[in-house]
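All remarks here apply to the structure that follows.
The values are calculated or read from the model by the stated rules, or taken from the named source; none is laboratory data. All figures in this text were calculated on a predicted structure; none of them were measured in a lab. Ideal geometry is used to build each Cβ from the backbone, glycine not excepted, and the neighbour counts take in all protein chains shown.
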Amino acid sequence: MVCCSVNCAMFLFAMLMLAACAGLPVRGSVEGQALETRVDSEAARYYLANYLADRRQDVLLDQRIDRVYQNANGSLPSRDDLKKLSDDFSVDFAALYLADQIGRVPINRRFRHAFDQAYEYTRKALPEGRLSLPAAAAKYEVLFVPTYLYKRLVVTGADMAVPREALKKAGFTCSFVETQDDGTVEANADTVAAAIRKRAQSGRRLIVVSASKSSAEVALALTRMDPAETRHVAAWLNTVGALQGTPLVDERAFPETEWLFGKVDAAGIESLSAARSRQRFDSFRLPQHVLVVNYFGIPTIGSISLIARTGFFLLRKHGPNDGFILLGDLIFPGGVTLAQLGRDHIQVNDGVDITAVALTLTLLGWLENQDSPVSAG
């Protein structure tokens, strides 16, 4: 039995390594983000290299893609839209199309421009210790809510230690929510709500930062709270948010962790099932004054990391995904969306210290210069 399991694991690993080398090489850009990678179809290759660069050479394919844009309803494609595009073209085509549609939303484009400027400044200034915060930073506090198994999965950045230290080094005031690392979304939401209430005593405006599973916990906490209890919450940064769970749980394909990290609460994993999470997602009602920023990666077959690769291929039958979550399920509606092309659920942690400071600076500038709540499709 052990031998069979080992052989199966080796076969799966070999298949994934072959898949990593598969695909068509391509170079192009989507809304200013350059990408050199491999994609899963000629349609995806042509779309990135030719169609988006306005070099139309395939009349029939151009007409098919034109119809996709003509049938767009003005909002970002849903999970079902992306699945249909995956079936009609390919999974990577659907992923690249989502990236393009995100960039076409004016408010997303403006936020991207502001972030790119903040990133370049932070990249140069933070390592040299010469980063200067605006005076308004003193009015804010950043509250971190860690993700699943954060006390055990330190290597993946689940405890958010790196971005926390980077923000503290930059001069931001930070705090941390001690949730149950294998607890349910519902139980941890109560802990998050209590922490948000407590931080009201500081007199500072709160920027809440979550990642993956904890994004569902923050959304549920803000939904359950009385509006008066959230007046000090200025923004929520939803990073690779498992807002609608993952089919990996429903299909019993979620990676086994107990042999590495000890006993875990099965209810915590079950609370991330797609069936349960989508029902919970429909109940979310956030205070209108809270600025929501969705931040995640959009990988292709040629850019997926080793850690995310197994989930990436298992989920492809459902459409484009980041290795753990379907891309259409990462976005909280009405928020600003910033997507990093060529990154996956784990790769968004690459350079996370610079990214965290740059995102917080961008949020700060946005909050201080916007006269009313923002909305994006």
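Brief remarks follow.
- Test: residue in region 123-135 that is assigned to a helix (DSSP H, G or I) and within 30 Å of Gly268 (Cβ to Cβ): no
- Some residue of region 174-181 being among the small types (Gly, Ala, Ser), out of contact with any Asp or Glu (no Cβ under 7 Å at 6 or more places or on another chain) and outside any loop (DSSP other than H, G, I, E, B): no
- Condition check for Asn108: in a helix (DSSP H, G or I) and under 24 Å from the mean Cα position of the chain (by Cα): yes
- One residue alone among Ala242, Ala275, Ala253 is within 24 Å of Asp322 (Cβ to Cβ) and either at pLDDT below 95 or over 21 Å from the mean Cα position of the chain (by Cα) (or both), and that residue is Ala253.
- Residues satisfying the stated conditions in region 187-226, i.e. free of Cβ contacts under 8 Å to residues at least 60 places away in the same chain and among the basic types (Lys, Arg): Arg197, Lys198, Arg199, Arg224
- All conditions but one from (1) without any contact (Cβ under 8 Å) to a residue 40 or more places away in the chain; (2) in the same structural domain as Leu338 (by TED's automatic domain parsing) apply to Val142; the one that does not is (1).
- Qualifying residue in region 198-211 (condition: in the same structural domain as Val249 (by TED's automatic domain parsing), of a type in the set (Gly, Ala, Ser) and in a strand (DSSP E or B)): yes
- Condition met for Phe281 (surrounded by fewer than 24 Cβ atoms within 10 Å (Cβ to Cβ), more than 30 Å from Glu120 (Cβ to Cβ) and in contact with a Lys or Arg (Cβ under 6 Å, 6 or more places away or on another chain)): no
- Each residue in region 227-269 was checked for being under 19 Å from Ser212 (Cα atoms) and either assigned to a strand (DSSP E or B) or free of Cβ contacts under 8 Å to residues at least 12 places away in the same chain (or both), and 9 pass.
- Residue match in region 84-98 (condition: crowded, with 20+ Cβ neighbours inside 10 Å and assigned to a loop (DSSP other than H, G, I, E, B)): yes
- Condition met for Arg45 (in a helix (DSSP H, G or I) and touching a Pro at 6+ places or on another chain (Cβ under 9 Å)): yes
- Considering residues of region 218-234 that are among the β-branched types (Val, Ile, Thr) and touching a Ser or Thr at 6+ places or on another chain (Cβ under 8 Å) only, the residue nearest to Thr179 (Cα to Cα): Val218
- Considering region 316-339, and only residues there that are touching an Asp or Glu at 6+ places or on another chain (Cβ under 9 Å) and under 29 Å from Ile107 (Cβ atoms), the residue that is surrounded by the fewest Cβ atoms within 10 Å (Cβ to Cβ) turns out to be Gly328.
- Close pairs from region 100-121: first farther than 23 Å from Gly328 by Cα, partner assigned to a helix (DSSP H, G or I) and at pLDDT 95 or above, Cβ under 6 Å, at least 6 apart: Ala114/Thr362; Ala118/Ala358; Ala118/Leu361; Ala118/Thr362; Tyr119/Ala358
- Total residues in region 301-350, condition of a type in the set (A, V, I, L, M, F, W, C), closer than 20 Å to Phe254 by Cβ and assigned to a loop (DSSP other than H, G, I, E, B): 5
- Selection within region 130-185 - buried (at least 22 other Cβ atoms within 10 Å of the Cβ) and under 19 Å from the mean Cα position of the chain (by Cα): Val142, Leu143, Phe144, Val145, Pro146, Thr147, Tyr148, Tyr150, Met160, Pro163, Val185
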